[in-house]
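This report concerns only the one structure given below.
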Amino acid sequence: MVQRIKKWVGILTAGVLLLGGVPLEKAAAESSVSVSAASCVVMEAVTGAVLYEKNAREERPMASTTKIMTALLCLESGDLDREFSVDSDAIHVEGSSMGLVEGDRVTKRALCYGMLLPSGNDAAGAAAVELAGSYAAFAQQMNQRAEQLGMTQTHFVTPSGLHDDAHYTTAYDMALLTAAALQNEIFREICGQEKAQVSFGNPPYDRWLSNSNKLLSMDDSIIGVKTGFTDEAGRCLVSAAVRDGVTLICVTLNDPNDWQDHLALYDSCFSMVEPVACAVPENWTVPVAGGKEMASVSVQAEAPLVAGVCGGTMPELEFVMETAPFLYAPVTAGQQVGTWCARQENGRIAATGALYAAESISYQTEQSVSEQKPAWHQRLWHMLYS
């Protein structure tokens, strides 16, 4: 019963915040930066506005930046800490490795560290087989998720990014994928670590994995994301940086000078935007069963949503609340009670976050419950059956 209740979704629309409106994909401004990448894009993570582009819609191989999708699907599948034995065939793959051998026991969480830090092709293969049973079946999952994200010029074949003529994307599509992946808190945490201690083996034991993304040690504002290289794709790099609460994403494909190009692009593009805070609606409440003080509790986000916008403009956002249909008392102020997401008019999810109880509600005794007929019963009945 509890699991079914948690899947209930309540939708509320915030007051329209329209301060001029930046057309997506058309905010790109002139920049003095000249990059060596064959394809490149810089995107603001919340609005999706493009601040810089060079052949951003040109289809190219993307090497191990593919693992952004593989890791995201792995994290979204849940049950991250259950141990299982790796598939022997899946880990026998060329290229970079997290060090898996036959018989190793591992978790999905450990595989994500193996994909996002040392760029383990063995980790990607093991994750694909565990999630879908085969590379081909997993590629279908990758392509379905790409379609959901609006990646219209992308086709996945391999979970690792090893070259295949039918495996390709664009710089723009990879920016869309990365914006979605960074909304996953675990993905964001993993890809931003320079090194991490991870347990796997037979029996599992702790060992250190190092991140191949040198940008993490070159600029404190860098928060990830993923490197890549094959002879056919050249050097590929997807990164993200946060300054003054604004998140920008940079993608370069086939770029021999990627580290310096990314740093120069961030310095240029952050100067084009200013942070604008957009508060999550303040009138959201959730009914409380068995509460002594009140029939519902106010909920709030931890902090306002911040976007980097050009000229003080911001696209319209619809805020959506997802909670259980009601909470059971007692409720403690600061307790997480659900999540929120902000959607743009085109359906793209711009941002997500947690919702917390704004006040505490103590438990109501059995006697006082029998003396009252709380209004939350009527509201709950209307929500569930109307």
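For segment 180-288, what D do you get in µm² per second when you plug the Kirkwood radius from alpha-carbon pairs into Stokes-Einstein at 4 °C and 1.567 mPa s? Mind dumping the intermediate values first?
Numbers: Rh = 16.4 Å.
So the translational diffusion coefficient is about 79 µm²/s.
Accessible area of segment 38-195 with a 1.4 Å probe: how many percent of it is carbon plus sulfur? Working shown, then result.
Working: 2360 of 5520 Å².
Here carbon and sulfur together make up 43 percent of the probe-accessible area.
Viscosity 1.002 mPa s, temperature 20 °C: what is the translational diffusion coefficient of segment 57-158 from Stokes-Einstein with a Kirkwood Rh over Cα pairs, rounded to a whole number of µm²/s?
Working: Rh = 13.7 Å.
Result for D is 157 µm²/s.
Name the long-range amide H neighbours of Val309: under 5 Å, sequence gap of 5 or more, or other chain; modelled H, no Pro or chain starts.
Glu274, Val276
Taking every pair of alpha-carbon atoms in segment 142-243, give the share separated by more than 23 Å as a whole percent. Could you put the intermediate results ahead of the total?
Details: 1869 of 5151 pairs.
The share of Cα pairs beyond 23 Å in segment 142-243 comes to 36 percent.
Out of residues 5 or more away from Ala350 or on other chains, whose amide H comes under 5 Å of its own, with H placed 1.01 Å from N in the peptide plane?
Correct list: Ala342, Arg343, Gln344.
How many times 2.2 N^0.38 Å is the alpha carbon radius of gyration of segment 83-124? Please list the in-between numbers first.
Working: Rg = 9.0 Å, N = 42, 2.2 N^0.38 = 9.1 Å.
That works out to 0.99 for segment 83-124.
Residue by residue through segment 96-102, what is 3J(HN,Hα) from phi via Karplus (6.51 cos²θ - 1.76 cosθ + 1.60, θ = phi - 60°)? Round to whole Hz and write x for glycine and proline.
4, 8, 8, x, 6, 10, 4
Would you please calculate the Kirkwood hydrodynamic radius of segment 33-108 over all C-alpha pairs and express it in Å, rounded to one decimal? All intermediate terms of the calculation are to be shown ahead of the outcome.
Numbers: mean 1/r = 0.0625 Å⁻¹.
Mean inverse Cα-Cα distance, inverted, gives 16.0 Å.
Give me the Kirkwood hydrodynamic radius of segment 318-359, using the inverse of the mean 1/r over all pairs of distinct Cα atoms, in Å to one decimal.
Values: mean 1/r = 0.0881 Å⁻¹.
Evaluated over segment 318-359, this radius sits at 11.3 Å.
Step through the residues of segment 133-150 one at a time and calculate ³J(HN,Hα) from phi using the Karplus curve (6.51 cos²θ - 1.76 cosθ + 1.60, θ = phi - 60°), rounding each to whole Hz and writing x for Gly and Pro.
Running phi through 6.51 cos²θ - 1.76 cosθ + 1.60 with θ = phi - 60° gives x, 6, 4, 5, 5, 5, 4, 4, 4, 4, 5, 5, 5, 4, 4, 4, 8, x Hz.
Please compute, over every Cα-Cα pair in segment 227-309, the percentage with a separation greater than 17 angstrom. Let's see the in-between values first.
Details: 2180 of 3403 pairs.
Tail fraction, whole percent: 64.
Applying the Karplus parametrisation 6.51 cos²θ - 1.76 cosθ + 1.60 with θ = phi - 60° to the phi angles of segment 340-352, what ³J(HN,Hα) value in whole Hz is obtained for each residue in order, glycine and proline being reported as x?
Per-residue couplings from phi come out as 10, 9, 10, 10, 8, 4, 7, x, 5, 7, 7, 6, 9 Hz.
What span do the alpha-carbon atoms of segment 236-275 cover on each of the three principal axes, reported in whole Å from largest to smallest?
The principal-axis extents, from largest down, are 31, 14, 11 Å.
Based on alpha-carbon positions alone, could you give the equivalent ellipsoid semi-axes of segment 120-184 from the gyration tensor, as √(5λ), descending, whole Å? Spell out each step's value before the answer.
Values: eigenvalues 73, 37, 26 Å².
Square roots of five times the eigenvalues give 19, 14, 11 Å.
What are the semi-axes of the equivalent ellipsoid of segment 242-358, taken as the square roots of 5 times the eigenvalues of the Cα gyration tensor, listed largest first and rounded to whole Å? Each step should come with its number before you reach the end.
Numbers: eigenvalues 292, 40, 32 Å².
Whole-Å semi-axes of the equivalent ellipsoid: 38, 14, 13.
The values are calculated or read from the model by the stated rules, or taken from the named source; none is laboratory data. Everything numeric in this text was worked out from a predicted model, so none of it was measured. To get the accessible areas, we keep the full protein, side chains included, count just its heavy atoms, and leave off ligands, DNA and RNA. Shrake-Rupley method; radii C 1.70, N 1.55, O 1.52, S 1.80 Å.
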